[in-house]
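The values are calculated or read from the model by the stated rules, or taken from the named source; none is laboratory data. Here the structure is a predicted model, which is why all the values come from computation and not from measurement. Please note: Cβ atoms are built from the backbone with ideal geometry, for glycine as well, and neighbour counts cover all protein chains shown. Remember, those area values only see protein heavy atoms, side chains included, never the ligands or the DNA or RNA. Shrake-Rupley method; radii C 1.70, N 1.55, O 1.52, S 1.80 Å.
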Amino acid sequence: ELWLQHLSAKAVQELIFVNRAMTLDNEAHLPATLFRCTSLTKLYIGFWWFPETAALPRSVAFPYLRELGLFSLIMMEEDLAFVLNRCPVLEKLLIVGSRWPVWLRVRSHSLRLVEVCEGLVPEITVLHAPRLERLLLWGAWGGGDLCNMSSVIKIVHAPKLCFLGFLVPGMHKLEIGNTIIKVGIIIFVFL
């Protein structure tokens, strides 16, 4: 952790931090010292157990982080929300090979790209993302059993969304506003 303190003192801007074991059998936890690197603009982390963010100071933030890649991590939904809430200028979010079910709620004024690949994704809800242009899923399936592996993608407010990619009919359920889109039919739901 000493060298992370050194990187923080040097105001490092780009960091790729991958656990060399490349497995999660050893329960290697991401050092909380990483959260002191507030000058980061790009951060890619992989093959770690995410620290419990409830134990981190509420003042933790990545005020300059524009790009975040999470690869083969084990983390909780609330930890993901904690990190995203502390990245006010984040433009690009990548979640690849997640080792936890991803329940992603997007509420961001800066996010332009969200990409989720190879993992369990029961639900993604875009609540308020006025700059979001691309939402990409690849190899993402829901958390049900083998007969019901569907994911729900809900778009509430994303006026600039122009690419919604790689949804599989019957596996991904899409809701845009009050409209539920299913294979072959459109159902209007009025609330």
Inset, instruction - Within region 54-72, count every residue that is closer than 19 Å to Glu27 by Cβ and without any contact (Cβ under 8 Å) to a residue 40 or more places away in the chain. - result: 4
Inset, instruction - Check off (1) in a loop (DSSP other than H, G, I, E, B); (2) open to solvent by 60 Å² or more (accessible area, probe 1.4 Å); (3) out of contact with any strand residue (DSSP E or B) (no Cβ under 9 Å at 6 or more places or on another chain) for Arg99 and give me the number that stays unchecked. - result: (3)
Inset, instruction - Could you tell me whether any residue of region 100-120 is closer than 30 Å to Phe62 by Cα, at pLDDT below 90, in contact with a Ser or Thr (Cβ under 6 Å, 6 or more places away or on another chain) and not aromatic (Phe, Trp, Tyr)? - result: yes
Inset, instruction - Report yes if Val152 is open to solvent by less than 10 Å² (accessible area, probe 1.4 Å) and not in a loop (DSSP other than H, G, I, E, B), otherwise no. - result: no
Legend entry - Enumeration of residues in region 155-166 that are open to solvent by less than 50 Å² (accessible area, probe 1.4 Å) and part of a loop (DSSP other than H, G, I, E, B): Ala158, Leu161
Legend entry - Filtered residues of region 133-144 (kept if of a type outside the set (D, E, K, R) and either closer than 16 Å to Ile95 by Cα or open to solvent by 50 Å² or more (accessible area, probe 1.4 Å) (or both)): Leu135, Leu136, Leu137, Trp138, Gly139, Ala140, Trp141, Gly142, Gly143
Legend entry - Hits in region 39-57 (condition: part of a strand (DSSP E or B) and open to solvent by 20 Å² or more (accessible area, probe 1.4 Å)): Lys42, Tyr44, Trp49
Inset, instruction - Could you list, in sequence order, all residues of region 58-70 that are of a type in the set (Gly, Ala, Ser) and open to solvent by 10 Å² or more (accessible area, probe 1.4 Å)? - result: Ser59, Ala61
